[in-house]
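Please read the structure below before turning to the comments.
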Amino acid sequence: MLDLKLIREKPEWVKARLSTRGQDFPVEEILSLDQQRRELLQKVESLRHLRKEKSEQIGSLKKQGKDEEANFLAQEVKKLGEELKTLEAELSQVENNLQEKLLYLPNIPHETVPVGKDDSGNVVVKRWGEPPEIGFEPKPHWEIGENLGILDFERAGKITGSRFVVYFNEGALLERALINFMLDLHVKKHGYKEVLPPFIVNETSLIGTAQLPKFKEDLFKLEGWNYYLIPTAEVPVTNLHRDEILREEDLPLYYTAYTPCFRSEAGSHGRDTRGIVRQHQFNKVELVKFVVPETSYDELENLLLDAEEVLQLLGLHYRVVALCTGDLGFASAKTYDIEVWAPGQKRYVEISSCSNFEDFQARRANLRYRPKDGGKPRFVHTLNGSGLAIGRTVMAILENYQQEDGSVLIPEVLRPYMGGLEKITPKKA
RNA sequence: GGAGGAGUGGCCGAGAGGUCGAAGGCGCUCGCCUGCUAAGCGAGUGUACGGGCUAAAACCCGUACCGCGGGUUCGAAUCCCGCCUCCUCCGCCA
């Protein structure tokens, strides 16, 4: 959520910055609602003041035994109360309306974000490694996985439906190994605190991180409950400190969490229909930071490095893309995507997305900290990034480490997590 | 699922229709004292919103906030109703 005061003070600037996202937002409407709100508020408050004074008078009159006078005044105040009630109803309607409009307003892109209208405006800022040299026509991972007997799309379709997969044997083991490898790296080397949160959250949490109210159709909701399956660990983890006042001395806070993620993928019909790239359920290790505003952009760079290191250790070629204003997520002020090379599909596939939300989520979730000097509480800045998406990492390993005989080498760092296994080989049927 | 109990400031904890933003304590800030530290002494210390003043603050005024939402009343932290959360006991269960 944006700061209403900022909108009030620099409406033209806010409008201009938001418009770089490629659409117009109802800034004027918000301003006018704000104006109405303040006018009503002043009326309501002065009426309340009057009522308070008179009620106190009634109290003291009664103490003096002047009941008749008291009753007369009470009649008067009663009318006042009725008038107040109408005005209050009006006020709360305006406030709800204003609040709703604010919840639908996206974050302002940071000044360093390239301006562009869609993903064609994104800028490659970094490359690491090289695509592997494969002396034969590389296969896409779904073929490799099915040939190895470790991925089964048909049976997943039977038990659930499309966009689900069953992992068997070394496939399941690989998934589990990756989770442990990534968590260990982030906990032991990068200093994150491990957390295993609920995979189901309430509406308030989703409003806090801004999946709601605007993106309801992307979520799975539990029937008969006001609960949702999490689309990312960002939701439960960022909401850990909702409505809290942290101490500056305790910042920054770094969390890492493994969770499955559930996404309806509404609006993605026909995209990535084959393979494990786009599933309704996938595993992910997430990184979340709570930091003081002054450091959040440095923290973003470091978050990105922490995620990149996973790919470096796995020996997977990737590039880093700075998202442009038109491609930026709703809540984000700045985002880097990490895209891993997928030789079987001859394209780069997003495997991590690292964002600084500044105080956008903090404002929604009321995430604050008390400065060291004891001053007023301020909003923290929140950041998060995938470190990494597990399914897509499996995809990348299968495609990058495939051998001509159909087997797949296991990256060395993972072998200790897989009982020393060096290679996945096709089972002789 | 059944029966009870509880939710008050950064934290702990009193208050049980009127002058209560709320005693007291802890913590914190400033000052005093003191070889240093600790202790001690004194003062201060909630948040949000709106208004005034201002370059902006500080400051001043007002309103709201005692888990959340309604209601009763001239007036609600206090009474009533609904919900949420936590605790205890019983039952069930991975």
Some residue of segment A:102-113 being touching a residue at least 12 places away in the same chain (Cβ under 8 Å) and under 30 Å from A:L314 (Cα atoms): yes
Flag for A:K334 being basic (K, R), more than 16 Å from RNA strand B (Cβ to nearest atom) and over 24 Å from A:E133 (Cα atoms): yes
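In segment A:183-253, which strands (runs of 3 or more DSSP E) lie fully inside it and hold 2 or more residues that are under 23 Å from A:V292 (Cβ atoms)? It would help to see each step written out before you state the result.
On the way: elements: A:200-202, A:227-229, A:244-247.
Result: A:244-247.
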Pick from segment A:357-409, criterion among the basic types (K, R) and more than 30 Å from A:V277 (Cα to Cα), ranking: farthest from RNA strand B (Cβ to nearest atom): A:R364
Residues that are closer than 30 Å to A:E404 by Cα and either in a helix (DSSP H, G or I) or open to solvent by less than 60 Å² (accessible area, probe 1.4 Å) (or both), drawn from segment A:99-142: A:G129, A:P131, A:P132, A:I134, A:F136, A:P138, A:P140, A:H141, A:W142
Pair list, Cβ under 8 Å, 6 or more apart: segment A:53-71 residue over 15 Å from A:G81 (Cα atoms), other residue near RNA strand B (Cβ under 6 Å from one of its atoms) and open to solvent by 40 Å² or more (accessible area, probe 1.4 Å): A:A70/A:K62
Residue under evaluation A:Y227, criteria (1) farther than 23 Å from A:L183 by Cα; (2) touching a helix residue (DSSP H, G or I) at 6+ places or on another chain (Cβ under 6 Å), criterion not met: (2)
Residue that is surrounded by the most Cβ atoms within 10 Å (Cβ to Cβ), among those in segment A:54-98 that are more than 8 Å from RNA strand B (Cβ to nearest atom) and among the basic types (K, R): A:K66
Residue among A:L421, A:L409 that alone is touching an Asp or Glu at 6+ places or on another chain (Cβ under 8 Å), more than 30 Å from A:H241 (Cβ to Cβ) and free of Cβ contacts under 8 Å to residues at least 60 places away in the same chain: A:L409
Residues of segment A:177-188 satisfying the condition of being over 12 Å from A:L388 (Cα atoms) and either of a type in the set (F, W, Y) or touching a residue at least 40 places away in the same chain (Cβ under 8 Å) (or both): A:A177, A:V187
Near pairs, Cβ below 7 angstrom, 6+ apart or cross-chain, from segment A:28-52 (open to solvent by 60 Å² or more (accessible area, probe 1.4 Å) and modelled with pLDDT of 95 or more) to any residue that is near RNA strand B (Cβ under 7 Å from one of its atoms) and of a type outside the set (S, T, Y): none
Members of segment A:282-321 found to be farther than 21 Å from A:D218 by Cα, open to solvent by 10 Å² or more (accessible area, probe 1.4 Å) and part of a strand (DSSP E or B), listed by number: A:R319
Failed item, numbered, when A:R155 is tested on (1) within 30 Å of A:P426 (Cβ to Cβ); (2) open to solvent by less than 10 Å² (accessible area, probe 1.4 Å): (2)
Output for segment A:1-27, where each listed residue is of a type in the set (K, R) and open to solvent by 40 Å² or more (accessible area, probe 1.4 Å): A:K5, A:R8, A:K10, A:K15, A:R17
Cross-chain or 6+ apart pairs with Cβ under 8 Å, segment A:1-26 first and in contact (Cβ under 8 Å) with a residue 12 or more places away in the chain, then more than 16 Å from RNA strand B (Cβ to nearest atom) and among the basic types (K, R): A:G22/A:K117; A:F25/A:K15
Test result for A:N366, open to solvent by 10 Å² or more (accessible area, probe 1.4 Å) and closer than 30 Å to A:M395 by Cα: no
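The values are calculated or read from the model by the stated rules, or taken from the named source; none is laboratory data. In this text, all values refer to a predicted model and were calculated from it rather than measured experimentally. For neighbour counting, all protein chains shown are included, and Cβ atoms are generated from backbone atoms with ideal geometry for every residue, glycine included. For the accessible areas, the whole protein counts, side chains as well, though only heavy atoms, and no ligand, DNA or RNA atoms are used. Shrake-Rupley method; radii C 1.70, N 1.55, O 1.52, S 1.80 Å.
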